[in-house]
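Heads up: the structure comes next, in structure tokens.
The values are calculated or read from the model by the stated rules, or taken from the named source; none is laboratory data. Only a predicted model underlies this, so the values are computations on that prediction, with no experimental measurement involved. No Cβ is skipped: glycine too gets one built from the backbone with ideal geometry, and neighbour counts run over all protein chains shown. Surface accessibility is based on the protein's heavy atoms, side chains included, excluding ligands, DNA and RNA. Shrake-Rupley method; radii C 1.70, N 1.55, O 1.52, S 1.80 Å.
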Amino acid sequence: QVRLVESGGGLVQAGGSLRLSCSASGLIFSINTMGWYRQAPGKQRDMVALFTNDGTTNYADSVKGRFTISRDNAKNTVTLQMNDLKPDDTAVYYCNAVAFARNYWGQGTQVTVSS
């Protein structure tokens, strides 16, 4: 089992910044990939940014150049720094980890960007 706890999020004006953090516990050694997804109302859950199993990063095209994912292995955390936020970034953001071919999800945190 892997447990993910998110923090951060909130309401910000367009052009502003927010930081999301995800802390992992449990069978951390088994995690292959870890990162962030988001789901806007009425839409599917999409990948935002993640670390792959070889340590490289993937970003959705819509966030490249604005969002940065980083990790602290000593603290078992993954952070998403979001800059130049746009109203289209409004969504519930979920931390995700894949371990033993199973998806684990955090509880989600709301990010709202006002125009």
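In this view, the solvent-accessible surface of Ser23, computed with a 1.4 Å probe and all protein chains in place, comes to about 50 Å². Using R0 = 25 Å, the C-beta based FRET efficiency linking Leu11 and Gln44 works out to 0.60.
Where the only charges are on Cβ atoms (+1 Lys, Arg; -1 Asp, Glu), what is the dipole of the chain about its Cα centre, to the nearest 20 debye?
In total the dipole reaches around 160 debye.
Across all Cα pairs in the range 7-69, the calculated P(r) in 10 Å bins from zero up to the longest distance comes to 17, 48, 30, 6 percent per bin.
Answer rounded, prolate or oblate for the range 38-88, using the Cα gyration tensor with square roots of eigenvalues a ≥ b ≥ c: rounded when a/c is under 1.5, else prolate when a/b is larger than b/c, else oblate. Display every interim value, and only then the final one.
On the way: a/c = 1.92, a/b = 1.65, b/c = 1.16.
Verdict is prolate for the range 38-88.
Counting heavy atoms of the protein chains alone, Lys64 has an accessible area of about 120 Å² for a 1.4 Å probe. A convex hull fitted to the Cα coordinates of the chain yields 95 cubic angstrom per residue.
First compute the accessible area of the chain with a 1.4 Å probe, then give the percent of it belonging to carbon and sulfur atoms. Kindly include the intermediate steps, with their values, before the conclusion.
Details: 2890 of 6170 Å².
Carbon and sulfur: 47 percent of the exposed surface of the chain.
Rolling a 1.4 Å sphere over the protein heavy atoms, what is the accessible area per residue of the chain, to the nearest Å²? Don't skip to the answer; put the middle values down first.
On the way: 6170 Å² over 115 residues.
With all protein chains present, the chain gives 54 Å² per residue.
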